[in-house]
Amino acid sequence: MNTRFNGEVKRETRLYVADISHPASKIFPLLCPTREYEWIEGWECDLLYSESGLAEQDCIFQCRILNGNLPEMWILDLYQPDEKIQFSIHMDGCIIRYTITLFEKPDKTTVSTWHMTLTAFNEAGHRFLAENDPEVFKAKFSVFEAMLNHYLETGEKLTFTDLNK
């Protein structure tokens with residue numbers, strides 16, 4: 001096997017389970033780079049490719065939501081309305097497979113699993129893993145859960161100020 005990379009590759013997973021008080025059909029459309037402006041405080045992205053202007057198979061956008069000031073390239077790999085959406089996220093030193101799965105319960109509430117497989121292949125990627133350990137990941141995604149539930153309940157964006165009250 002011929003390889004030019006001589007560094008250590010690290011792979012870790014992160015999992016967050018969220019209880020959303022609405023049916024999957026209300027949640028899924030909001031898992032979109034365009035629609036996330038409606039409910040995520042501070043969301044910014046550049047939509048690079050989408051025929052519809054919304055989330056769809058092979059949609060590509062760039063943002064800085066996970067890695068601070070460094071750009072992340074997001075590619076929507078799997079798009080199964082009301083069930084599952086999966087992204088490949090490429091950033092300096094790390095590639096992430098990010099899958100959100102929605103399980104609607106008989107009472108029309110939804111259990112959502114947010115799963116990431118992170119593969120770090122250089123110093124920047126290793127730093128990203130260290131800075132986003134499982135507890136940090138859980139804290140970040142609990143904020144997204146609160147924002148999503150709040151938006152679905154009120155139609156209003158939950159601000160960080162309100163979240164900290």
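Residue separation times 0.36 nm, minus the C-alpha to C-alpha distance between T13 and E41: what's the value?
Between T13 and E41, full extension yields an extra 7.5 nm.
Which whole-Hz couplings ³J(HN,Hα) result when phi for each residue of region 39-45 is put into the Karplus expression 6.51 cos²θ - 1.76 cosθ + 1.60, θ = phi - 60°, listed in order with x for Gly and Pro?
Computed from phi, the couplings for region 39-45 are 10, 9, 4, x, 5, 8, 8 Hz.
Just to confirm a number: summing +1 for Lys and Arg and -1 for Asp and Glu over residues other than E72 whose beta-carbon lies under 10 angstrom from that of E72, what do you get?
Charge balance in the 10 Å sphere: 0.
Once fully extended, how much extra length lies between S21 and I95, figured as 0.36 nm per residue of separation less the alpha-carbon to alpha-carbon distance?
Additional length available on full extension: 23.5 nm.
If the cut-off is 24 Å between C-alpha atoms, which lysines fall inside it for K10, apart from same-chain ones fewer than 8 positions away?
Partners found: K138, K140.
Using θ = phi - 60° and the Karplus relation 6.51 cos²θ - 1.76 cosθ + 1.60, list the HN-Hα couplings for region 70-83 in order, rounded to whole Hz, with x at every Gly or Pro.
8, x, 10, 9, 10, 10, 7, 8, 9, 9, 10, x, 6, 10
Using Cα pairs closer than 8 Å and at least 6 residues apart in sequence, work out the relative contact order for region 14-163, in percent.
Contact order relative to length: 26 percent.
Once Lys and Arg get +1 and Asp and Glu get -1 on their Cβ, which of F137, P29, G7 lies farthest toward the positive end of the dipole of the chain?
Towards the positive end, the residue furthest out is G7.
Using the Cα centre as the reference, give the magnitude of the dipole from point charges on the C-beta atoms of the chain (Lys, Arg: +1; Asp, Glu: -1; all else neutral), rounded to the nearest 20 debye.
So the dipole magnitude of the chain works out to roughly 380 debye.
To the nearest 0.05, how large is the calculated FRET efficiency for E135 and F103 if R₀ is 22 Å and r is the Cβ-Cβ distance?
0.35
Once label points are set 7 Å from the Cα along Cα→Cβ at both F160 and T119, what is their separation, rounded to one decimal in nm?
Each label point is offset 7 Å from its Cα along the Cβ direction, giving 3.2 nm.
Which cysteines does the chain leave without a neighbouring Cys Cβ under 4.7 Å?
When partners are defined as cysteine Cβ atoms under 4.7 Å apart, the chain leaves C32, C59, C94 without one.
Between the helical axis of 134-154 and the dominant principal axis of the chain, each derived from Cα atoms, what acute angle in degrees is found, rounded to the nearest 10?
30 degrees
Please pull out the direction-averaged projected area of region 14-163, using the convex hull of its alpha-carbon atoms, in nm² to one decimal place.
Approximately 8.5 nm², given one-decimal rounding.
Which value in deg cm²/dmol, rounded to the nearest 500, describes the helix-derived mean residue ellipticity at 222 nm for the chain, given -39,500 (n - 2.57) per DSSP H run of n ≥ 4 and division by the residue count?
Value at 222 nm, helices only, nearest 500: -6500 deg cm²/dmol.
Which ³J(HN,Hα) values in Hz, rounded to whole numbers, follow from the phi angles of region 9-25 under the Karplus curve 6.51 cos²θ - 1.76 cosθ + 1.60, where θ = phi - 60° and Gly and Pro get x?
Values per residue, Gly and Pro as x: 9, 10, 10, 9, 10, 9, 9, 10, 10, 10, 9, 10, 7, 9, x, 4, 5 Hz.
Every read-out reported here was derived from the displayed coordinates using simple, explicitly stated rules and does not represent laboratory data. Because the structure is a prediction, the values reported are computed rather than measured. Methodologically, a virtual Cβ is constructed for each residue, glycine included, from the backbone with ideal geometry; neighbour enumeration extends over all protein chains shown.
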